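Notes for the one structure printed next.
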Amino acid sequence: MSFPRLQSIVLDAPDARELAEFYRHLLGLRYRPGDEPPAPGQDDVNGRDWLVLEGADGGVRLAFQQEPKLKPTTWPDQEIPQQIHLDTTVPSVEELNRQHERALSLGATLRFDRSDDPEEPLRVYADPAGHTFCVFVAS
């Protein structure tokens, strides 16, 4: 039996380039060849439509699709529930705290803090487009 292979996780964004840059810096990814930002003063044709980030290991890609009418999730309030979120892990509480400062400096907004939980310390953030993502400690 064969199965489809997951190639990309796609996030809609009112500004695809801005969101791609956020995740590029947060996760240490690189642009798929041809999707890099244009030189200063040049038109960003790809940034108005579809961009792809890849990891060095060639695993699942993170893609961004321009959607100007995107309404950000209001989670944990359920008015606009989260429909997808990304889980990321770090090896220690110290690294969780370091990544907390990085995420905020890149434009994330803290939505939920359970960093003092002895079983599974974690924090939940909203990215600049309002999608939620978690950073938690896992070995």
Checklist entry - Within the stretch 34-46, which residues are under 17 Å from G58 (Cα atoms) and modelled with pLDDT under 95? => result G34
Checklist entry - Applying the selection to the stretch 16-49, what residues are touching a Phe, Trp or Tyr at 6+ places or on another chain (Cβ under 9 Å), among the charged types (D, E, K, R) and over 21 Å from Q99 (Cα atoms)? => result R17, D35
Checklist entry - Among strands (runs of 3 or more DSSP E) lying entirely in the stretch 1-117, which contain 1 or more residues that are more than 13 Å from the chain's Cα centre (by Cα)? => result 50-54, 61-66, 85-90, 109-114
Checklist entry - What pairs come up if the first residue lies in the stretch 93-109 and is closer than 16 Å to P128 by Cβ, the second is among the hydrophobic types (A, V, I, L, M, F, W, C) and surrounded by 14 or more Cβ atoms within 10 Å (Cβ to Cβ), and their beta carbons are under 6 Å apart, counting only those six or more places apart or on different chains? => result L106/F22; L106/L26; G107/F22; T109/A126
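To keep it simple, each residue is scored yes or no on (1) among the β-branched types (V, I, T); (2) surrounded by 13 or more Cβ atoms within 10 Å (Cβ to Cβ); (3) out of contact with any helix residue (DSSP H, G or I) (no Cβ under 6 Å at 6 or more places or on another chain); (4) at negative phi.
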| residue | (1), (2), (3), (4) |
| --- | --- |
| K69 | no, no, yes, yes |
| P81 | no, no, yes, yes |
| E95 | no, yes, yes, yes |
| R114 | no, yes, yes, yes |
| D127 | no, yes, no, yes |
| T132 | yes, yes, yes, yes |
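The values are calculated or read from the model by the stated rules, or taken from the named source; none is laboratory data. Predicted model only: the values in this text are computed from it and were never measured. With ideal geometry, Cβ positions are generated from the backbone for all residues, glycine too; neighbour counts draw on all protein chains shown.
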